[in-house]
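Please read the structure below before turning to the comments.
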Amino acid sequence: MQGPGDFEVSRRDVLKLGAAATAVPLVAKGQAGSPAEAPVSTQLSLNVNGKVHALKLDTRTSLLDALRDHLQLTGSKKGCDHGQCGACTVLVNGRRINSCLSLAVMHAGDKITTIEGLGTPNKMHAMQAAFVKHDGFQCGYCTPGQICSAVGMLSEVKANVPSHATTDLTAPCALTNPELRERMSGNICRCGAYSNIAEAIADAAGVPAAGRSA
Amino acid sequence: MRPFSYEKAATPAAAASAAAKNPHAKFIAGGTNLLDLMKLEIEKPAHLIDVNGLALDKVEATPEGGLRIGALVRNTDLAAHDKVRKDYPLLSRALLAGASGQLRNKATTAGNLLQRTRCPYFYDTNQACNKRAPGTGCGALAGFSRQLAVIGTSNTCIATHPSDMAIAMRALDAVVDTVQPDGAQRHVAIADFHTLPGDKPQVENVLKPGELITSVTLPKPVGGAQVYHKVRDRASYAFALVSVGMIVQKDGTGRLAVGGVAPKPWRVEAADAELPRGAKAVAAKLFAGAKPTHDNEFKIALTERVIEASLADLRRA
Ligand SMILES: Cc1cc2nc3c(=O)[nH]c(=O)nc-3n(C[C@H](O)[C@H](O)[C@H](O)COP(=O)(O)OP(=O)(O)OC[C@H]3O[C@@H](n4cnc5c(N)ncnc54)[C@H](O)[C@@H]3O)c2cc1C
Ligand code: SF4
Ligand code: FES
Ligand code: FES
């Protein structure tokens with residue numbers, strides 16, 4: 001309920017919410033709806049980082065849980081599980097998505113790239129190297145999502161996808177600092193490492209950093 | 001999340017008839033709203049029909065000079081489409097003001113139209129909510145209603161429709177194209193597509209059981225200067241408090257639809273007609289009969305100011 005900026009509920013409001021909860025009989029979790037059914041499992045293959053894996057999964061398994069819990073690719077992180085933080089960002093056929101809000105069964109046949117597939121400690125992707133060089137993290141929890149997102153974001157700029165910060169929709173996109181920040185707004189960093197993250201991405205993209213527009 | 005079975009639909013008509021056969025089935029497109037709600041057990045489908053394989057992902061010119069947008073066109077691709085940027089910039093702007101880059105890469109035209117409210121009481125299954133659990137009451141009416149609607153509401157529900165895209169489509173007079181389980185097609189003006197809560201807030205649109213959206217059609221471009229102005233609690237990645245989608249012609253006439261204030265994209269013809277007379281006159285017509293709460297009455301004054309700011313933007317453009 002505390003989606004990104006959707007509801008900034010203050011302490012007073014929480015009390016109000018609590019009061020409403022006690023004034024009204026609690027709504028039972030099992031409301032009229034679908035009948036409870038037994039878990040359904042399904043056989044599928046997932047192409048992750050160039051390797052095809054055969055899996056048997058409960059249909060409910062998110063792409064994120066398939067990666068982390070079934071393929072032991074724990075680089076992708078679970079921050080919120082509701083599309084609100086970007087920690088789970090991976091690339092699917094080159095496009096960045098939130099892997100927590102997608103089902104694994106919907107990705108048979110797709111090419112999935114996670115942070116592990118972008119590069120390795122010995123052979124880092126340019127974006128990974130730029131994050132190291134610019135100290136683009138503190139605790140590191142949001143970092144794999146930031147890096148995958150940044151790589152996807154640069155392809156979007158290259159493909160001339162506009163953003164909310166784009167002034168002229170009919171001109172070619174340029175990665176200015178306001179553009180970069182708007183385009184990366186789907187990745188939240190609790191440590192607030194934003195300025196170094198922006199510098200790392202700008203460096204990897206070959207555009208001037210901080211405040212200046214290209 | 002409740003267990004569910006899963007199938008991939010082969011054709012739009014097959015998807016619709018499969019959905020009609022199973023009252024507990026739901027279509028899934030991008031999944032960015034449905035899965036969010038399924039995790040919270042607010043949505044509890046026992047069967048999912050994946051429509052992603054259907055060939056509904058194209059943006060095509062219509063013989064009338066308009067644009068037919070496939071139900072599965074991703075929000076990113078629609079916002080980036082050359083024709084949309086050039087001829088319907090309001091739609092690009094509205095899409096780009098919504099969600100995040102990652103979410104727009106998955107979110108589809110149809111899914112965006114059908115996304116459900118972000119009312120905090122709807123999201124909290126411990127709270128009373130007539131929309132989620134009909135007949136239990138409305139937590140928001142008695143509680144914290146800053147984000148909720150000021151007009152078009154009823155005494156059962158005051159939730160807003162959260163879509164930015166739909167505001168632009170309302171101002172552009174889009175038409176929602178569907179296929180029904182028997183294969184028949186329907187074309188519903190967006191003005192009539194979303195419904196007001198009345199005494200059935202759980203019903204949000206005119207779709208019948210199993211009916212599948214196949215596309216959204218825009219009439220030929222209306223020209224004019226176009227702006228989408230969204231005001232929110234932070235600069236990005238947040239839903240609207242108030243948003244205004246506006247088109248103004250050289251002679252000062254125009255049209256507008258407003259988001260964040262009503263259970264559906266809010267447009268009032270009498271308000272359009274007041275555009276040459278300025279924001280105050282427009283807002284008076286838009287909000288005739290409004291029933292704000294103490295917490296959200298600020299939205300009426302805010303909308304008037306956003307209209308004024310939008311008019312100023314357009315004068316500068
Ligand atoms: C953190 C967050 C922030 C967001 N911020 C914004 C914002 O600022 N502005 C905004 O506008 N939106 C915002 N969104 C919402 C987002 O735009 C929607 O989740 C998205 O557009 C839904 O599209 P989808 O394809 O993923 O739908 P799905 O989740 O796949 O489906 C949604 C509904 O549509 C039905 N459906 C899908 N396709 C069809 C069809 N062809 N015919 C009939 N029924 C169909 C499904 O059964 C389901 O009921 C946000 C979402 C998140 C998670
Ligand atoms: S406003 Fe509507 S959605 Fe919100 S609690 Fe009341 S009935 Fe539920
Ligand atoms: S874990 Fe997916 S967006 Fe937060
Ligand atoms: S580095 Fe800690 S959350 Fe970003």
Quick check on my filter: what residues within the stretch A:116-155 are in contact (Cβ under 8 Å) with a residue 60 or more places away in the chain, away from ligand 4 (no atom under 16 Å from the Cβ) and crowded, with 17+ Cβ neighbours inside 10 Å? A:Glu116, A:Gly117, A:Val151, A:Gly152
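Which strands (runs of 3 or more DSSP E) sit wholly inside the stretch B:20-106 and have at least 1 residues that are touching a residue at least 24 places away in the same chain (Cβ under 8 Å) and within 10 Å of chain A (Cβ to nearest Cβ)?
B:25-28, B:47-50
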Quick check: anything in the stretch B:191-214 within 14 Å of chain A (Cβ to nearest Cβ), buried (at least 24 other Cβ atoms within 10 Å of the Cβ) and not polar (S, T, N, Q)? no
Which listed residue, of B:Ala283, B:Ala312, B:Ala288, is on the phi < 0 side of the Ramachandran plot, in a loop (DSSP other than H, G, I, E, B) and out of contact with any Phe, Trp or Tyr (no Cβ under 8 Å at 6 or more places or on another chain): B:Ala288
Residue set B:Ala240, B:Ala166, B:Ala159; condition within 11 Å of ligand 1 (Cβ to nearest atom), within 14 Å of chain A (Cβ to nearest Cβ) and modelled with pLDDT of 95 or more; output residue B:Ala240
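Assess whether B:Ala149 counts as being buried (at least 18 other Cβ atoms within 10 Å of the Cβ) and within 14 Å of chain A (Cβ to nearest Cβ). It would help to see each step written out before you state the result.
On the way: buried (at least 18 other Cβ atoms within 10 Å of the Cβ): yes; within 14 Å of chain A (Cβ to nearest Cβ): no.
No: the conditions fail for B:Ala149.
Could you run through the stretch B:105-117 and say how many residues are farther than 19 Å from B:Leu54 by Cα and buried (at least 24 other Cβ atoms within 10 Å of the Cβ)?
Step one: filter the stretch B:105-117 for residues farther than 19 Å from B:Leu54 by Cα, giving B:115-117.
Going one step further and asking which of them are buried (at least 24 other Cβ atoms within 10 Å of the Cβ), we end up with B:117.
Final tally of qualifying residues: 1.
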With (1) within 30 Å of B:Ala25 (Cβ to Cβ); (2) not in a loop (DSSP other than H, G, I, E, B) as the list, and B:Pro201 as the residue in question, which single condition is left unmet? (2)
When you look at A:Leu180, is it away from ligand 4 (no atom under 14 Å from the Cβ) and either in a loop (DSSP other than H, G, I, E, B) or within 8 Å of chain B (Cβ to nearest Cβ) (or both), yes or no? no
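The values are calculated or read from the model by the stated rules, or taken from the named source; none is laboratory data. Note that the structure is a prediction, hence the values are computed from the model and not measured. Heads up, the Cβs are rebuilt from the backbone with ideal geometry, glycines too, and the neighbour counts pull from every protein chain shown.
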